Amino acid sequence: MRAFDYFAPGSTEEACALLGQYAPGARILAGGTDLLIELRRSSVRAFTPIIDICRIEDLCKIKEDGEILSIGPLTTHSEIVRSAKIRKSATLLSRAASTVGSPQIRNLGTIGGNIMNAAACADTVPPLIALGASVKLRSVKQWREVLLQDFFVRPYQTKAGPDELLTEIIVPKLPANARSAFVKLGRRNALSIARLSVAAVLGFDSAGRITEARIVPGAALPVWQRILPAEQLLVGNKPSDGLFRAAGKKVAEVMIQQTGRRWSTEYKEPVIAVLVRRALDQCISPDTTTDRTAMSGDTKPERRPQIFPASSANRLSTIRVTINGKIRIVTVPANRTLLRMLREDLGFTGTKCGCEIGECGACTVLLDGEPVNACLVLAPQVHGRKVETVEGLMMDGQLHPLQESFMDHDAAHCGFCTPGMLMSAKSFIDKHSRADRNEIRSAISGNLCRCTGYIQIVDAIGDVINKETVR
Ligand code: FES
Ligand code: FES
C-alpha cells in the first residue's frame with residue numbers, strides 16, 4: 001500500500017479544517033472497505049493525506065425528529081440493519097443494508113461511504129432516493145443541503161466539493177399508508193455486488209388504490225433516478241399482476257432509451273422488468289414487514305471513545321490495543337493494515353492472509369466483538385480498541401468448544417479458512433443461544449472455504465450453539 005499522511009480528527013470542525021487545508025488531494029476514510037482497496041492500487045498518488053473521520057461521535061448517530069430520520073454518515077450497514085427506527089420508518093433501507101457484502105463488510109462499511117463512493121452498484125442509494133433523502137455537506141466556509149437525487153454527476157462522481165464533508169443524511173419517514181421493498185440481483189447471496197437492483201415505494205388510499213409510487217433502479221442507468229413514466233402508470237390504479245408487469249416493461253424501456261442497446265441489454269431488459277415486478281409484488285405481499293410495524297429495542301449505535309491524538313500527520317503511529325485480553329503498544333506506519341500488524345509485527349499468524357480485498361474472510365478477527373476483515377482495517381484505526389484472534393480462543397490449555405467441534409466434525413481440511421471461520425462463528429455464538437442452519441450459513445457467509453462444502457462447518461457450529469455448552 002502507498003505511504004500516506006494519516007490524520008484522525010476528533011470533531012467535524014477539525015475534519016473540515018483538514019479538508020480545507022489539503023483539498024483537493026485529501027481522501028476521507030469513513031469505514032475503509034473501498035478506500036483501502038483503492039490505496040493498494042498503484043494509480044493512487046503517494047502521500048495522499050488520509051483523513052480518518054471514524055472517531056467523530058457526532059457522525060455516528062441515528063436520530064428521530066418528528067417525521068424525519070437523521071442518519072450519521074458513519075453509521076455502519078450493520079447498525080442500520082439493527083436499528084428498529086430504520087426498520088420501522090425506512091424499511092427498504094434496512095433491507096438494502098442487509099444485502100451489502102458480508103457480515104464483516106457490514107460491520108466496517110458505512111452509509112456515508114456508500115453514498116460518497118457513488119459506485120453504480122451502491123446498495124443503499126436507490127432506497128434513499130426512493131425515500132426522498134437529502135444530504136448535508138459542510139466545509140469551513142458554509143453548509144448546504146442537497147437532495148440525493150440531484151447529488152450524483154456520474155458513477156464515482158458526486159457534486160460535493162473537494163473541501164466538503166458529508167455530515168448528515170436526512171430521510172423523510174415513510175407515510176403510514178406506504179409499503180416498500182428492495183430487491184437485488186447478484187451472482188450469489190453474499191459477497192456480491194448488485195448486477196441490478198430496484199427500490200420501490202407504494203402509497204395506498206383506503207380503497208386500496210395506489211396514490212403514490214416511487215421506483216428507483218440501481219446499476220441500470222448512468223445516474224440513479226426515479227422512473228416517472230412507470231410511476232405514473234401505477235398511480236390511480238389498484239395493484240394487479242398486469243399493472244406491475246407493465247410498470248416493469250416501462251422501466252426497461254426508459255433504461256434502454258438512456259443507455260442505448262449494448263451487449264448486456266439482451267439480459268438486462270427482461271431482468272430489470274422482472275425485478276420491478278418483484279419489488280412491487282413485495283410491496284403488496286402480506287409477508288412484507290409493514291413500514292409502520294411496531295418494533296421494540298432499537299439498537300443504539302455504539303462507538304467506543306477513542307483516545308488517539310486528535311490529529312497526527314506522522315507516517316508512523318504508536319497505538320495501544322488490547323489483543324486477546326493483553327494490552328500491546330505498537331509503533332507502525334500508518335499504511336499498515338491490522339492484518340499485517342498482527343502477522344508481521346506481533347506474530348499472530350493464525351489470522352490468515354488471502355485476498356486482501358475483503359472477499360475471502362481468511363483474515364477475520366473480532367474488533368470490539370464484531371467480525372471484521374483485518375485486511376480492510378488500518379492499524380491506527382484499532383487504537384484504544386479490543387481485537388480477538390484465533391490464538392485467543394484457547395483458554396487455560398483447553399480448546400474452545402468450537403475448535404473441539406470442528407475437529408469432531410472433520411470441518412477443517414486444508415485449514416486455511418478455519419481461523420476466520422472460527423472467529424465469525426465465535427461472534428455468532430456469543431450473541432445467539434439457538435440457531436438454524438440458515439442463520440449459521442448467513443453468519444459465515446463472509447468466509448469462503450474451498451475444501452469442505454460447508455456442511456461439516458455448519459454442523460460443527462450448530463452442535464455448539466444448540467447444546468448451550470459455549471463458554
Ligand atoms: Fe482479508 Fe481475504 S478478506 S485476506
Ligand atoms: Fe480448506 Fe476451508 S478447509 S479452505
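The values are calculated or read from the model by the stated rules, or taken from the named source; none is laboratory data. Please read all numbers here as calculations on a predicted model, not as lab measurements. Using ideal geometry, Cβ is built from the backbone for each residue, glycine included, and neighbour counts are taken over all protein chains shown.
If the condition is being of a type in the set (A, V, I, L, M) and either surrounded by 15 or more Cβ atoms within 10 Å (Cβ to Cβ) or over 23 Å from Pro222 (Cα atoms) (or both), then the stretch 147-173 contributes Leu148, Ala160, Leu165, Leu166, Ile169, Ile170, Val171. Of everything in the stretch 407-418 that is touching a residue at least 40 places away in the same chain (Cβ under 8 Å) and surrounded by fewer than 24 Cβ atoms within 10 Å (Cβ to Cβ), the residue that is nearest to ligand 1 (Cβ to nearest atom) is Phe416.
Of the helices (runs of 4 or more DSSP H) lying entirely inside the stretch 402-471, those containing at least 3 residues that are within 27 Å of Glu356 (Cβ to Cβ) and in contact with a Ser or Thr (Cβ under 7 Å, 6 or more places away or on another chain) span 418-431.
When Leu448 is tested against (1) under 15 Å from Pro103 (Cβ atoms); (2) at pLDDT 95 or above; (3) touching a helix residue (DSSP H, G or I) at 6+ places or on another chain (Cβ under 8 Å), exactly one condition is not met: (3). Restricting attention to the stretch 344-359, the residues being more than 14 Å from ligand 2 (Cβ to nearest atom) and closer than 21 Å to Gly109 by Cβ number 4. Of the residues Arg226, Arg278, Arg214, which is within 21 Å of Asp123 (Cα to Cα), modelled with pLDDT of 95 or more, in a loop (DSSP other than H, G, I, E, B) and of a type outside the set (Gly, Ala, Ser)? After applying the criteria, what remains is Arg226.
Within the stretch 195-218, residues that are over 17 Å from Ala90 (Cα atoms) and of a type in the set (Val, Ile, Thr) sit with their Cβ atoms under 9 Å from residues that are at pLDDT 95 or above and in a strand (DSSP E or B), at 6+ positions apart or across chains, in these pairs: Ile210/Leu202; Ile210/Gly203; Ile210/Phe204; Thr211/Leu202; Thr211/Gly203; Thr211/Phe204.
Residue count for the stretch 362-402 under the criterion of being within 16 Å of ligand 2 (Cβ to nearest atom) and of a type in the set (Ser, Thr, Tyr): the result is 1. Considering only the stretch 325-340, I want to know if a residue exists there that is of a type in the set (S, T, N, Q), outside any loop (DSSP other than H, G, I, E, B) and more than 16 Å from ligand 2 (Cβ to nearest atom). Yes, some residue in the stretch 325-340 is of a type in the set (S, T, N, Q), outside any loop (DSSP other than H, G, I, E, B) and more than 16 Å from ligand 2 (Cβ to nearest atom).
Taken over the stretch 85-122, the residue count meeting the criterion of being among the small types (Gly, Ala, Ser), surrounded by fewer than 22 Cβ atoms within 10 Å (Cβ to Cβ) and closer than 20 Å to Phe428 by Cα is 1.
On the given criteria, is Ser424 within 15 Å of ligand 2 (Cβ to nearest atom), under 30 Å from Glu38 (Cα atoms) and hydroxyl-bearing (Ser, Thr, Tyr)? Judged against the criteria, Ser424 is a match. Taken as a whole, the condition of being under 18 Å from Gly325 (Cβ atoms), of a type outside the set (A, V, I, L, M, F, W, C) and either out of contact with any Ser or Thr (no Cβ under 7 Å at 6 or more places or on another chain) or surrounded by fewer than 17 Cβ atoms within 10 Å (Cβ to Cβ) (or both) applies to Gly384. Close Cβ contacts (under 8 Å, 6 or more residues apart or on different chains) running from residues in the stretch 353-377 that are within 6 Å of ligand 1 (Cβ to nearest atom) to residues that are assigned to a strand (DSSP E or B) comprise Glu356/Thr337; Gly358/Asn373; Gly361/Asn373; Cys363/Asn373; Asn373/Thr364; Cys375/Thr337.
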